[in-house]
Amino acid sequence: MHRVAIVGGGTGGTVLANRLADELQPEIEAGEVDVRLITADEHHVYKPTFLYVPFGKKTVDDAKRPIEELVDRRVTLTIDEVTDVDTERKQLSLAERATALSYDQLVLATGATLEPEAVPGLAEGGHHFYGPDGAEALRDELAAFTEGHLVLSVVGVPHMCPAAPVEFVLMVDDWLRERGLREEVELTYTYPINRAHGLEPIADWASDLFEERDVNLETFFNVDEVDPDAEVIETVEGKELAYDLLVAIPPHRGSDLVTAAGLGEDGWVDVDRHTLEATAAEDVYAIGDTADVPTSKAGSVAHYEAGVVADRIASRVRGTVPTATYDGKTVCFLEAGMDEATFIEFGYGEEPYVREPSTPLHWAKLGYNESYWLTARGLL
């Protein structure tokens, strides 16, 4: 039997498992192939939902579904934590399993982990919307915030949902205006490099909107530490910035499994950017945030990568030469406020074109967020 193991039940892992269930249906039903999805969380989480929680537009429960409801019945679902990856023996150690689990093809879709503790004072002094607890805490703080200085600081790069910090600032600006509070609140956005975003077209688009909406922009702003008592941010460049409410995008790191297995530094898997095969081990792939490829850590990336890896694994199972490759395709909706959005699409070596924001694109983004559950099931 050919054994395919997928570690991680996020977008990439779930879409991949369902794609393989379809592509390898005859082999699976004949008992020739086992596709196994291993995840420590019994719930699948759609993280972009958290952006809307601070504004009361969504709840954290809206962001999750039981993973067994999303995974094809032909996939072997294992709810357990992988504690070790042995790429030489092609074995996985699991927390609740006495014996190692063998594989022929391994796909790591272990995602990214928030690490606010990496910056002194950040965990105590800052809020974020990149997880359920953080989004709910920020919702409560924002509801009570009527005046003062609100700072959105991108502290760690790379990070998940690269456009979300820009979206949050434009949304909170609109949200405050709707409540008649905007004149009482100073807004500042900070970014570590010399522009407002890593992608220049988005940076130019955001900078123009920030100027139009009276949002302060601080670039070359690399946070060194946060003083939660004095409510001051200190930077590597020697700057200080006082705040009354700090929304910070914390540093991210990959999986310790990846580092321990010698597959890449800082928990990101070194892969061929087109085949998504690990450079340090045979028969190992990585998709989603954990794959070290030169594009965004966005859900659409994981989705498209999953399709490529599904095709490549199916070819190997059938003894043919894999030809599917990933071209860096990324698509993303960006909120430009509470009722307008834009849309971008790009690939390796391409610059995105930022469309004029509109209400229809805003509703298209909300519509996609609802239909995402069909995407995870492999139906879209």
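Brief remarks on what is shown
- Positive-end residue of G347, L334, A324, charge dipole of region 274-366 with Cβ unit charges: A324
- A full extension of the chain between E265 and E351 corresponds to an added length of 28.2 nm, given 0.36 nm per residue minus the alpha carbon distance.
- Other residues with beta-carbon under 12 Å from the beta-carbon of T39 carry, at +1 per Lys or Arg and -1 per Asp or Glu, a net charge of -4.
- Taking label positions 7 Å along the Cα-Cβ direction at both L366 and T59, the computed distance is 1.8 nm, reported to one decimal.
- The average projected area of the chain, computed from the convex hull of its Cα atoms over all directions, is 18.6 nm².
- Taking the Cα centre of region 177-278 as reference, the dipole from Cβ charges on Lys and Arg (+1) and Asp and Glu (-1) amounts to some 380 debye.
- Between 0 and 90°, nearest 10: helix 164-178 axis offset from the chain longest Cα axis: 40 degrees
- Extreme residue, positive dipole direction of the chain, given options A248, S153, A260 (C-beta unit charges): A260
- Mean Cβ count within 10 Å, highest first, over the residues of peptides 49-58, 118-127, 204-213: 49-58, 118-127, 204-213
- Cα pair distances of region 19-60 binned at 10 Å [whole percent]: 23, 25, 24, 18, 9, 0
- Gyration tensor (alpha-carbon) shape descriptor, region 116-252, a/c threshold 1.5: rounded
- The Rg/Rh ratio of region 1-146, with Rg taken over Cα atoms and Rh as the Kirkwood radius over Cα pairs, comes to 1.08.
- The residues of the chain present an accessible area of 43 Å² per residue when probed at 1.4 Å with all protein chains retained.
- Among G31, V284, G198 - extreme Cα towards positive end, dipole of the chain, charges at beta-carbon: G31
- Taking label positions 7 Å along the Cα-Cβ direction at both D41 and T76, the computed distance is 2.4 nm, reported to one decimal.
- Measuring nothing but protein heavy atoms, the accessible surface of region 116-252 at 1.4 Å probe radius is 43 percent carbon and sulfur.
- 25 Å Cα-Cα reach of K64 towards lysines, excluding residues that sit fewer than 8 places from it in its own chain: K47, K297, K365
- Fully extended contour minus Cα-Cα distance, from E240 to S93, at 0.36 nm per residue: 48.2 nm
- C-alpha long axis of helix 359-376 to longest principal axis of the chain, angle in °: 30 degrees
- Dipole magnitude for region 116-252: about 420 debye, using +1 per Lys or Arg Cβ and -1 per Asp or Glu Cβ, origin at the Cα centre.
- Dipole moment magnitude, nearest 20 debye, the chain about Cα centre, only Lys, Arg, Asp, Glu C-beta charged: 1620 debye
- Packing-based ranking, highest mean first, of 147-158, 304-315 given that Cβ atoms within 10 Å are counted: 304-315, 147-158
- Sorted peptide list for 136-146, 286-296, 180-190, criterion being average Cβ within 10 angstrom, highest first: 286-296, 180-190, 136-146
The values are calculated or read from the model by the stated rules, or taken from the named source; none is laboratory data. Just so it is clear, the model here is predicted, and its values are computed rather than measured. FYI the Cβ positions are ideal-geometry reconstructions off the backbone, even for glycines, and counts take in every protein chain you see. Protein only, heavy atoms only, side chains kept; ligands, DNA and RNA dropped before computing areas. Shrake-Rupley method; radii C 1.70, N 1.55, O 1.52, S 1.80 Å.
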